[in-house]
Amino acid sequence: MAGYYFLDAITAVIAGFIYTINPYLPLTICLLITMISTFLVTKLYEIPINSDIQKDDSLTVNKELKLYFKKTISGFKFILKSPRLRSLILFSGLFVSILSIMNTLRTGLLNDVNISPEATGTILALMGIISCYSASRALSIHNKYRNRTLAHLGLSHSISLIVCGAVVLLNFPKFLTYYLLLIAISIQYISKGPYYALIKQYLNSFCNSDMRLKIYSANALIESILRTVISFFCSFILTFLTNAEATLVLGILSTITTLLLLSYMSTRVGLKPEEYTEKDIAL
């Protein structure tokens, strides 16, 4: 995961300078890379655990889709029965959705305070390195905060959104605005760094390998649905609000929602192993 953030930092710098040549050039390059990635993914197939078992070439696309949906539905059934997984997946859906939306709003905020595209690329590259470092410290963060880890990550990220929006709206002196904005964005990237590794670890707990794949599929589907809903909501409020106002509203709403989710999770996640019920364990 740390390597991903390092590459993300490099591409942020490149994108910032390419944007000055032609604003559509980064989008075109991203589209081409996405098309190449999609083609490569279609060439992948699952390698059986038992090497003696060969890939079943008789499966058509329709049969594979039916098998995928069957596994996903099976994962949903287990999730609905498990209070722990329900809590984790709801939290994950909210957190990942906010991360996704902020990729757009964050650039708008930097532009609103007259930071050039080249400087924006450099800043985001530095933030990527910060995420890279915090991702490498995921285990240490978990060991320090234990069952309060998600609370620290979620609340620090949500509150930093409020700070970002408020700082731009209050129109502080330029130096102070830059300083506070960069501190708030740094907190967002510090929270983002270890999150994916930690949530994967938490989702893996008490699950066998077969159920783990089903949980990942269900989690990805729920994240996509919530990301779509929140994206439409942000698109709507941006029709009559500025970037800073939208970020402030999003920060307030995400902080309230995170607090409610953490209250719901308090009796369902972070318990001692013997305190979980059979519904939370897939043998």
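Readers should treat all values here as calculations from the given coordinates under stated rules, not as data from a laboratory. What you see is a predicted model, and the numbers here were worked out from it, not measured in a lab. Every residue, glycine as well, gets a Cβ built from its backbone with ideal geometry; the counts of neighbours run over all protein chains shown.
Tabulated values for the structure
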item	result
3J(HN,Hα) from dihedral phi, the stretch 23-31, Karplus parametrisation 6.51/-1.76/1.60, rounded to Hz, x for glycine, proline	x, 8, 5, x, 5, 5, 5, 4, 5
At R0 = 30 Å, FRET efficiency that the Cβ-Cβ distance of THR42 and VAL229 yields, to 0.05	0.60
Pairs from LYS43/LYS192; LYS43/LYS63; LYS66/LYS200; LYS77/LYS144; LYS77/LYS200 whose Cα-Cα separation, in the structure shown, is over 22 Å	LYS43/LYS192; LYS66/LYS200; LYS77/LYS144
Distance from the stretch 121-139 to the stretch 174-222 (C-alpha centre basis), Å	13
Cα gyration tensor category, rounded, prolate or oblate, for the stretch 166-227 with a/c compared to 1.5	prolate
Range of Cα positions in the stretch 118-275 per principal axis (Å), largest first	54, 33, 29
Theoretical gain in end-to-end length, LEU65 to ASN147 [0.36 nm per residue, Cα-Cα removed]	25.8 nm
Gain on full stretching of the segment that runs from LYS81 to ILE256 - 0.36 nm per residue minus C-alpha separation	60.4 nm
